[in-house]
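Notes follow once the structure below has been shown.
The values are calculated or read from the model by the stated rules, or taken from the named source; none is laboratory data. None of the values given here were measured: they were computed from a predicted structure. Quick reminder, even Gly has a Cβ in these numbers, built from the backbone with ideal geometry, and neighbours come from all protein chains shown. These area figures cover heavy atoms from the full protein model, side chains too; ligands, DNA and RNA do not enter into them. Shrake-Rupley method; radii C 1.70, N 1.55, O 1.52, S 1.80 Å.
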Amino acid sequence: MSFFEQILEAVPDSTFAMIEAFKADSNGKKVNLSPGIYRDDNAKTWVLPSVKKAKEILQADQNLNHDISPQMGYPDLVSVARQMTFKDTLDSRTVTSMQTISGTGANHFIARFLSDTLQPKTVWLSDPTWDNHPKIWRHTNPATEQRLYPYYDYKTSTLDIEGMLSTLREKASRGDVIILQACAHNPTGLDPSRENWEAIAEVCEEKEIFPIFDSAYQGFATGDADNDAWAIRHFATRVNATMEFAVAQSFSKNFGLYGERVGALHIVTRTRDSAAKVEGVLKTISRAEITSAPGFGAKVVATIIQNPTLRGQWQDDLKTMSGRLRDMRKRLYDELTKRHTPGNWGHLLTDIGMFSIMGLSQEQVAILKDTFHVYLLPSSRLSWTGLTSWNVEYVAESIHRVVTS
Ligand SMILES: Cc1ncc(COP(=O)(O)O)c(C=O)c1O
């Protein structure tokens, strides 16, 4: 008998299951609107021009070697990651930063670190959230209770800021953790306004909750990386600059470096003494889990940000990506309203970033996939990256037929 016969069968990950189902679909009209990976108007993965140039520079460098990075990561990457996230707020705060295996690794490391140190009773997740947040926390620390705070009002497709604030005020306790998404919220495409962020920060302070910003889309929301870091910098500087929090940063989307797994974790502490201890714990976790993060993607990002011409190109690349997504929002909105498709579509124009929730039932999502070969996640999250100028009419017509049948 095998040692492993008693294992319960794992539930497949819905995003990866969808990608496999799409690959296996031989229908010529198929459209994949499920993965959060930027595609160009030919539905092809886009290598950013700034990334292409950075790779040329690296490949021409006779001194490029494959040495292992220090424990906290490739120093130039760590330095640019800090600058991109905090900019001049770094002057007033103590921040411990390390390179991670992309955003997933940063989320895992902070879950591990907090489980070993703060030992939170509860982690608060937005309803809904990126489907990996609950998995990461369950995997890292099953003893931490997971609770949802209201975020998305499904009836009106708006942010339920009052529900969020009152739930935290009434139910959160000192030392709980809350996961906030810094911008371009996955899966709703809905971000708090600056006024909302101030109120959220106030509740976190009042209730002494430890916030984790998941920053996976910096630059994708507005096309401007500084604008998209506003909430983080606000938390860093408000009220005598004393709030302690963390940022899990990914470079997958904003540099199109999905497979290179480049990320960083930043922990903002009140004192230098705490920072030194934090660094020690992070090094211990890192040694046991990865020893050190991968080099090549980190060098690509650092080369771009440290070179003013490449940095300018990258800022243009961000505008190209976020601009194309905005165009697709308008195109689909126009196609649906032209057909008088029943539903609430106004939010498609005002949602931000890669995703929107289409407000379709699971059954409608299944018909879209099985009959029309249009793939959305079961939650009816649509990733704008799969829409193109040549498939948008087909997608609109498919949604129209499903909704009206
Ligand atoms: C909200 C959110 N956080 C983190 C990530 C992490 O992505 P990665 O591990 O590819 O950097 C993603 C990716 O989809 C995401 O949507």
How far, in degrees from 0 to 90, does helix 392-404 lean away from the longest principal axis of the Cα atoms of the chain, to the nearest 10? 70 degrees
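Percent antiparallel among DSSP beta bridges with both residues in the range 179-263, to the nearest 5? Intermediate values should be presented prior to the final figure.
Values: 1 of 8 bridges.
The answer is about 10 percent antiparallel.
Once you sort the root eigenvalues of the Cα gyration tensor of the range 75-306 as a ≥ b ≥ c, which label holds: rounded (a/c under 1.5), prolate (a/b larger than b/c) or oblate (the other case)? List each step's numbers first, then the result.
Values: a/c = 1.40, a/b = 1.25, b/c = 1.12.
It is rounded, given that a/c, with a ≥ b ≥ c, falls under 1.5.
Do any chymotrypsin sites (Phe, Trp or Tyr not before Pro) in the range 181-269 lie in a DSSP loop with no more than 11 other beta carbon atoms within 10 Å, and if so, which? Kindly include the intermediate steps, with their values, before the conclusion.
Working: sites: 197, 213, 217, 220, 230, 235, 245, 251, 255, 258; in loops: 217, 220, 251, 255.
Qualifying residues, ordered by number: none.
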Determine the relative contact order of the range 36-123: mean sequence separation of Cα pairs under 8 Å and six or more apart, normalised by residue count, in whole percent. 16 percent
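In square angstrom, what is the accessible area per residue of the chain with a 1.4 angstrom probe? Could the numbers behind the result be given before it?
Values: 18230 Å² over 405 residues.
That works out to 45 Å² per residue.
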Within the range 5-53, report the trypsin sites (Lys or Arg not before Pro) that DSSP leaves as loop and that have at most 15 other Cβ atoms within 10 Å. 29, 44
Ignoring ligands, DNA and RNA, what percent of the accessible area of the chain is carbon or sulfur (1.4 Å)? 51 percent
Highest-MSF residue in the chain out of 85, 96, 156 [GNM, Cα springs under 10 Å]: 156
Would you mind checking the tilt of helix 308-338 against the longest principal axis of the Cα atoms of the chain, expressed as 0 to 90 degrees and rounded to 10? 30 degrees
How much of the DSSP bridge set in the chain is antiparallel, in percent, rounded to the nearest 5? 50 percent
Eight or more residues apart or on different chains, and alpha-carbon atoms under 30 Å: count the Lys pairs in the range 75-306 matching that. 27
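Evaluate the charge dipole of the range 178-263 about its Cα centre and quote only its size in Debye, nearest 20, assuming +1 on the Cβ of each Lys and Arg and -1 on the Cβ of each Asp and Glu.
Working: 6 positive and 13 negative charges, 54 e Å.
Dipole of the range 178-263, to the nearest 20 debye: 260 debye.
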I want the local charge near residue 172. Using Cβ-Cβ distances under 14 Å, sum +1 for each Lys or Arg and -1 for each Asp or Glu among the other residues. -1
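Taking every pair of distinct Cα atoms and averaging 1/r, then inverting, what Kirkwood hydrodynamic radius in Å comes out for the chain? Present the calculation step by step, with values, prior to reporting the outcome.
Working: mean 1/r = 0.0450 Å⁻¹.
One over the average 1/r among Cα pairs gives 22.2 Å for the chain.
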When the chain is treated as a GNM, springs tying every alpha-carbon pair under 10 Å, which of 86, 16, 355 comes out with the largest mean-square fluctuation? 16
Counting Lys and Arg as +1 and Asp and Glu as -1, each charge on the Cβ, what is the dipole of the chain about the Cα centre in debye, to the nearest 20? 460 debye
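Within the range 124-207, list the trypsin sites (Lys or Arg not before Pro) lying in a DSSP loop whose Cβ has at most 12 other Cβ atoms in a 10 Å radius.
Working: sites: 135, 138, 147, 155, 169, 171, 174, 194, 207; in loops: 155, 174.
Passing sites in the range 124-207 are 155, 174.
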The range 1-119: C-alpha gyration tensor shape, a/c 1.5 cut-off, then a/b vs b/c: oblate
Accessible area, 1.4 Å probe, largest first: how do 272, 93 sort? 272, 93
Quick one: check the C-alpha center-to-center distance for the range 236-272 versus the range 33-106, whole angstrom. 13 Å
Specify the angular offset, from 0 to 90 degrees and rounded to the nearest 10, of the alpha carbon long axis of helix 272-289 from the longest principal axis of the alpha carbons in the chain. 60 degrees
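Given Cα pairs under 8 Å that are at least 6 residues apart, what percent is the relative contact order of the chain?
Reported relative contact order: 26 percent.
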Per GNM of the chain with C-alpha springs under 10 angstrom, the most fluctuating residue out of 166, 126, 97 is 166
